[in-house]
Amino acid sequence: MLAQKKKVPQNYNITPTQRCRAWKKKAYERLGNRCKRCGFDDLRALQIDHILGTGAKDRKTRNRNHVVLYKLIATMENAEEVFQILCANCNWIKRCERGEVNQWAKEPKKEQP
């Protein structure tokens with residue numbers, strides 16, 4: 001008897017990195033591909049932000065990595081109410097304004113004479 005060949009899944013040859021990039025692209029497209037505050041659109045400096053500032057808590061309780069977060073954003077119904085895209089600068093400014101960072105980052109550095 002001849003053994004039947006198993007059907008190979010369509011995405012069998014995709015590496016984990018390629019899979020992560022595909023989910024990231026879907027997540028960023030879902031959230032608008034640009035900074036919600038200033039409109040900056042260079043993907044190299046864009047970050048996903050938890051609107052309510054619950055990112056650290058969320059990562060600890062759900063043991064999430066980036067791929068899981070990207071999948072969640074790409075598939076959940078109300079992603080735009082929970083997440084937003086901010087550029088690195090706007091993300092840090094938001095965190096400082098909300099008191100989510102150490103004291104050294106809250107105050108602008110004073111010029112020395």
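Values quoted throughout were computed directly from the atomic coordinates according to the rules given, and no laboratory measurement underlies them. Since this is a predicted model, take the numbers as computed values, not measurements. All Cβ positions, even for glycine, are placed from backbone atoms using ideal geometry, and neighbour counts span all protein chains on display.
Once the range 26-64 is narrowed to residues that are among the hydroxyl-bearing types (S, T, Y) and loosely packed, with under 14 Cβ neighbours inside 10 Å, the residue that is farthest from L86 (Cα to Cα) is T61.
Scanning the range 33-72 for residues that are touching a residue at least 40 places away in the same chain (Cβ under 8 Å) and either in contact with an Asp or Glu (Cβ under 9 Å, 6 or more places away or on another chain) or of a type in the set (S, T, Y) (or both) yields a total of 7.
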